[in-house]
Amino acid sequence: MGPRDGKLSGVDIRRRNNVTVAGRADGPVVVLAHGFGCDQNMWRLVVPTLAESYRVVLFDYVGSGRADPSAWDERRYGSLEGYAQDALEVCEELDLRDVTFVGHSVSVMVGVLAAAKAPERFSRLVMVAPSPCYIDDDSYRGGFSAEDIDELLESLESNYLGWSATMAPVIMGNEDRPELGQELTTSFCATDPDMARVFARTTFLTDSRKDLKTVTVPTLILECRQDVIAPREVGAYVRDAIPGSRLVTLEATGHCPQLSAPQATAGAITDFIGAA
């Protein structure tokens, strides 16, 4: 059965999404989902801490990392629902229940969609540097004007490698630690440009604010003190949109605290699961 014919067999799903599992086989389940231009390797610094207590499941979306590129379908991955289906099929194949879904950046809203589709599998959400909409709108501040996003996408589509080299260090922040920006640049550049263009448009043009109202599980929102991609107004907006959610501001800068402040990120996740 091919990727466009419906649900794949279990072996194919594990290979398709490069699924890896770490930690305690009998522990509570934590699924880590990466953002645009990245792969599961971006979580490597938080995995050792989480693996002490949890069963940690990682995967790559099709079009990213070491996922099977032959499974790529522009129609499926032209919307966040396609990425949510990847996450759900991984959870179904491993028969995961009581999942804490930890999404970074665009994967935050992927997790929201997945939890709405299969609420029986998800018990908590952790939102790392979330943004349900990147474009400013009336009283909402997403961090970019519509013109900003148009220019960003035009630059990305005309010269993806050049865009990656310029934007990755800006997204990462932490100018005093250039190796972090270089790592993100390398990750971006390793992504197939055609697939990246589709994922970028899906990421930056989707307005998922209405989907926040579907969240009914305990939710932790992790933001950084400074983040050019997801300003702190966004964290406050998400907190206010999800009743009972908890917003924590990490002593970190940039858009990838799992790399720049891994211990603080892992500690916040562990504290939340223990308290939820």
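Solvent-accessible area per residue for the chain at a 1.4 Å probe radius, Å²? Provide the component values of the computation, followed by the final result.
Details: 11430 Å² over 276 residues.
The answer is 41 Å² per residue.
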Taking the C-alpha atoms of the range 1-154, how large are the radius of gyration and the largest Cα-Cα span, Dmax, in Å?
16.0, 49
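Extension gain S158-R44, at 0.36 nm per residue separation less the Cα-Cα distance, in nm? Can you show the working numbers first?
On the way: separation 114, 0.36 × 114 = 41.04 nm, distance 3.16 nm.
Computed gain between S158 and R44 is 37.9 nm.
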Reduced to Cα centres, the span from the range 225-276 to the range 124-167 in Å works out to 19
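In whole percent, what relative contact order does the chain give with Cα contacts below 8 Å and a gap of six or more residues? Numbers along the way, then the final one.
Working: 543 pairs, mean separation 54.6, N = 276.
Relative contact order, the chain: 20 percent.
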Label-zone membership for the range 226-266, site A275, 7 angstrom Cα→C-beta point, backbone N under 12 Å:
245-249
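Membrane-span-like helices in the chain: DSSP H runs reaching 15 Å or more (Cα, own axis), mean Kyte hydropathy at least 1.0?
Working: long enough: 80-93 (20 Å, -0.34); 106-117 (17 Å, 1.90); 146-158 (18 Å, -0.38); 160-172 (17 Å, 1.09); 178-189 (16 Å, -0.15); 193-205 (17 Å, 0.28); 262-275 (20 Å, 0.59).
Passing helices, by number: 106-117, 160-172.
Measure off, as a whole percent, the carbon and sulfur share of the 1.4 Å-probe accessible area of the chain, all protein chains present.
Working: 5560 of 11430 Å².
Percent of accessible area from carbon and sulfur atoms in the chain: 49.
Is the shape of the range 173-268 rounded, prolate or oblate, going by the alpha carbon gyration tensor and its root eigenvalues a ≥ b ≥ c, with a/c under 1.5 for rounded and a/b larger than b/c for prolate? Please report the intermediate quantities before stating the final value.
Values: a/c = 2.28, a/b = 1.24, b/c = 1.85.
Taking the square roots of the gyration eigenvalues as a ≥ b ≥ c, the range 173-268 is oblate.
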According to the square roots a ≥ b ≥ c of the eigenvalues of the Cα gyration tensor, what is the shape class of the range 129-204, taking rounded for a/c under 1.5, prolate for a/b larger than b/c otherwise, and oblate for the remainder?
oblate
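Please give me, ordered by residue number, the GluC sites (Glu not before Pro) of the range 79-160 that lie in loop per DSSP and have at most 14 other Cβ atoms within 10 Å.
Values: sites: E81, E89, E92, E93, E120, E147, E151, E154, E157; in loops: E120.
Those that pass, being in a loop and sparsely packed, are E120.
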Options [x] 0.93; [y] 0.98; [z] 1.01 for Rg/Rh (Cα atoms, Kirkwood Rh); the value derived from the coordinates is listed as [x]
Only residues of the range 80-99 count here: report those whose backbone N is under 16 Å from the spot 7 Å along Cα→Cβ of A118, or say none.
81-99
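How high is the relative contact order of the range 130-230? Use alpha-carbon pairs under 8 Å, at least six apart in sequence, and give a whole percent.
Numbers: 91 pairs, mean separation 38.0, N = 101.
Answer for the range 130-230 is 38 percent.
Taking 30 Å as R0, compute the FRET efficiency from the Cβ-Cβ separation of R141 and A165 and round it to 0.05. Write down the numbers at each step before the final one.
Values: r = 28 Å, r/R0 = 0.93.
That gives a FRET efficiency of 0.60.
The values are calculated or read from the model by the stated rules, or taken from the named source; none is laboratory data. Because the structure is predicted, anything quoted here is derived from the model rather than measured. All Cβ positions, even for glycine, are placed from backbone atoms using ideal geometry, and neighbour counts span all protein chains on display. For the accessible areas, the whole protein counts, side chains as well, though only heavy atoms, and no ligand, DNA or RNA atoms are used. Shrake-Rupley method; radii C 1.70, N 1.55, O 1.52, S 1.80 Å.
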